[in-house]
Amino acid sequence: MLETFNSLLLGFSVALQPQILMYAFIGCLIGTLVGMLPGVGPLAGISMLLPATFGLNPIVAIVLLSGVYYGAMYGGSTTSILIRLPGEAASVMTCIDGYAMTQQGRAGPALAIAAIGSFVAGTLGVLGLMLLAPTLATFALRFGPPEYTALLLMGLLVLAYMTGGSIPKTLAMAGFGLMLGMIGIDAMSGYTRFSFEVIELADGIGIVPVAVGLFGISEILLTASQHSLKLPKNPSLRELMPSRTELKQSIGPIARGSAVGFLIGIIPGSAHIISSFISYGIERRISKTPERFGNGAIEGVAGPESANNAAATGAFIPMMALGIPTSPVTAVMIAAIMVHGIAPGPMLIAQQPELFWGFVASMYVGNVVLLILNLPMVGLFVSLLRIPYAYLYPCILAFCILGCYSVSNSVVDVWIMLAMGGVGYVLRKFGFDLAPVALGLVLAPMLELSLRQSLAMSAGSYAIFIERPIAVVMLGLGALMLLISLKPLLFKSQKKDWRSTVGLDEPS
Amino acid sequence: MMQFAVRMAAGAACCVAGAGVFAQAYPSKPVRIVVPFAAGGPADIYARFLGQRLQEPTAQSFVIENRPGAGSIIGTDLVAKSPADGYTLLLMSNTHTINESLVPKKPFALMRDFAPVAPINYSDLLLVVHPSLPTKSVKELVALAKSKPKGLNYASSGNGTPYHLAGEYFKSLIGVDIIHVPHKGSSEARTSVMSGQVEMMFDAITTMAPLAKAGRVRALGTTGTKRSTVTPDVPTVAEAGVPGYEATIWLGVMAPAKTPRAVLEKLNSEITRITGRADVRKTWNEQGAEPLSMNLGEFEKYLNADIAKWTQVVKVSGARADQ
């Protein structure tokens, strides 16, 4: 404990040097901007900046990159809330209630709560990382393909709680998402599926162009197709900050989101993406007024935003304890220091204490910088909405195309985005909810790979799922959730499920 | 107008004088090296190293462009379709020579659509097992695998990667089936082996050596023809019981097929000069890489031999990735 404290002091002595502090600030600023650029998420952001850090010293490089990483997690929520445009995969859920709040003139509180939630979750996450890393890393390592499969199955069950629409429509959309996720090279056999001779499709359809298209572009089309524009109300200055009630409503979601996000974040791999989906599902499930979700419930912003930031921090735990990356983002970070001849490994922390603890301390600093950077800017961001649609929307469209293209320099991605915009427009006209498509697309490839990895490991025996304690517990929980969600369908005589009492959200 | 005429004349002169003059002028503008792998990986890092070193003698910048995706095919296809003027180059690895037989249906053929420029270096892989496995040597591992066919699993970073084929080659030489468990990327595969989810793996020596030293995994052998400078106390797989085994990761540079011979010669001599330097060898050795230097003819022969070798392995193992 004392040792940790001393190491942290060393870390702060590094992180608070003016030069490092400046880079942390620059990183956060770039990150916030990158996060706002539609389509460019944290991973794309730091990958693009990686080459630029090769000329810097390793500590500066990692501080800069982690600033970008954090900043992008913050920035991603801004566009989701203001213009229903998910900056990255994790903010898809924020779009739903965040944008609904904007339409009610409550964009300020939504942005503020996203920033506060992110700050709290980020700080709790770093604390957890520092104190619990060795214990949790052991847990993380027990998470193999069978456990992953069980977790993702649970993720699928969350679908039931995700939308207010009819169950068949939700399932249809989830099925659509799952099918999109089937496109591309099959990781197990190497066969290419449904690529229709388009090489770019061999890599699969990314969540980014789909999410930007379904949510953002479709919104632009819908607005343009309306005769009389329903302008979002311009909020007065006093309305920029969340009210006391709203803050109170957000405490629970932020705490639960932080915990859930952190735990999911620890798991090696890309599971962190689903943390915001699961958080949203939980909040909706335990809420006393679930019908408010989808119509501007602040809990629907606070929970997922906290979850994705906590998950971002949790992802560093295996890296910290083992010294090797276990997720794509940490892999890029490690690459940034490998270029300087520093070999990653379990000895990394012992051999490079300044580097390591400087990095941890800079995460604390980064969180504070971001809060300072973001809260005062809420007013500025909100006033963006005063720009007339005729000018704002063409700009947004241009940024969408730019952002989508720059992630992997692929024109095919831009076409996918535009096509998904059209699909999203039609589906919304017919009253389908789009979030299940995003969840299905995210889950399908991961679920398939881990299921087949498990079966390869067990030579085809499904017993592998019940031989492993963590997997059994999660499958059990999943089954329980399924039963609970089936209850209203089985016992119709009971009090009506809220789902049948609330209609679909009118497409705005 | 006058200037235009001069330029035209100069252009015409160039054409008449042919490749010799062209080579002296090359490169007259920045050169793009397309890396069909993600930023931060070994291919990217060595490409940047090379790009930086080429800048000095040629007085032009060599820009690295990462175009990852579909197991290197997206970026490679881009170069295949680029003008053959020496201003777009491809950074290749033996993923490309493996793909020749593993993925027959792809939009390009390596030796038809590309001209060899120069090899860069090769790195050994390290055969590691989880410490819970009782085997302390390659011989014991082979014995264990033979005692329970299909009972062992090996991890790789994905189908068709050199790590995957290193495993397939191992299987084909010892004649026992070991189940391949592909992952999405090296880091996930590594986590699986460290946690004992999957028993063994062939992995990059630089990342695995520190983990072996810390006891997280047990190193059984390196995959080169001689021991690695990084792990001098670990025998090669060949000397430890599987004679003839060799599976490294090597990198090289290619250009679109019709690139003028003089440009290829010029690039080859500049790159060979860099890979031949003692300080470069020292730096790379510390990272587990050994420089390779060949002239154009030697490199072409090397490529053909490598393609033939992997064709054989792919045939024996039945590994396939076509449609």
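What follows draws every value from the coordinates through simple rules; no lab data is involved. None of these values were measured; they are calculated from a predicted model. Positions of Cβ are backbone-derived with ideal geometry, glycine not excepted, and every protein chain shown enters the neighbour counts.
Each Lys and Arg adds +1 at its Cβ and each Asp and Glu adds -1 at its Cβ; summed about the Cα centre, the protein assembly as shown shows a dipole of about 980 debye.
For B:Ala47, neighbours were defined as the other residues whose beta-carbon sits under 15 Å from its Cβ, and their charges (Lys and Arg +1, Asp and Glu -1) total +1. The per residue volume of the convex hull around the alpha-carbon atoms of region B:218-282 is 122 Å³. Among residues other than A:Pro109 with Cβ under 9 Å from its Cβ, the summed charge is -1 (Lys and Arg +1, Asp and Glu -1).
Averaging the sequence gap over all C-alpha pairs within less than 8 Å and six or more residues apart, then dividing by the number of residues, gives chain B a relative contact order of 25 percent.
Label separation (B:Ala143 vs B:Ser28): 6.9 nm, computed from points 7 Å beyond Cα along the C-beta direction. Mean sequence separation of contacting Cα pairs (under 8 Å, at least six apart), scaled by the length of region A:2-488, corresponds to a relative contact order of 29 percent.
Taking Cβ atoms as reference points and 13 Å as the exclusive limit, the residues near B:Ala145 contribute a net charge of +2, counting Lys and Arg as +1 and Asp and Glu as -1. Rounded to the nearest 500, the 222 nm mean residue ellipticity of the protein assembly as shown from helices alone is -19500 deg cm²/dmol, with -39,500 (n - 2.57) taken per DSSP H run of at least 4 residues. In 20 Å bins starting at zero, report the fraction of Cα pairs in chain A per bin as a rounded %. P(r) for chain A, in whole percents per bin: 24, 58, 18, 0. Per residue, the convex hull spanned by the Cα atoms of region B:76-156 measures out at 151 cubic angstrom.
Based on C-alpha pairs under 8 angstrom that are at least 6 apart in sequence, region B:125-222 has a relative contact order of 47 percent.
Simple rule: put +1 on each Lys or Arg Cβ and -1 on each Asp or Glu Cβ in chain B, find the dipole, and look at B:Ser132, B:Ala209, B:Ala43; the Cα lying farthest toward the positive end is B:Ser132. With Cα atoms defining each centre, region A:369-441 and region A:184-223 are spaced 16 Å apart in the structure. Helices in chain B that qualify as membrane-span-like (whole DSSP H runs, Cα extent of at least 27 Å along the helix axis, mean Kyte-Doolittle hydropathy of -0.5 or higher) are B:296-317. Stokes-Einstein diffusion of chain B at 25 °C, 0.890 mPa s viscosity, Kirkwood radius from Cα pairs, rounded to a whole number: 118 µm²/s.
Length, then width, then depth: along the principal axes, the Cα atoms of region B:125-222 run 29, 28, 22 Å.
On the principal axes of its alpha carbon atoms, region A:40-130 extends 48, 28, 18 Å, with the longest extent given first.
Given axes a ≥ b ≥ c from the Cα gyration tensor, I'd like to know whether region A:1-153 is rounded (a/c under 1.5), prolate (a/b larger than b/c) or oblate. Taking the square roots of the gyration eigenvalues as a ≥ b ≥ c, region A:1-153 is oblate.
So what are region B:188-323's ellipsoid semi-axes, whole angstrom, largest first, if each one is the square root of 5 times an eigenvalue of the alpha-carbon gyration tensor? Square roots of five times the eigenvalues give 31, 21, 14 Å.
When the Cα atoms of region A:347-483 are aligned to their principal axes, the ranges along those axes come out at 60, 54, 36 Å in descending order. Computed across region A:1-42, the Kirkwood radius stands at 12.1 Å (inverse of mean 1/r, all Cα pairs).
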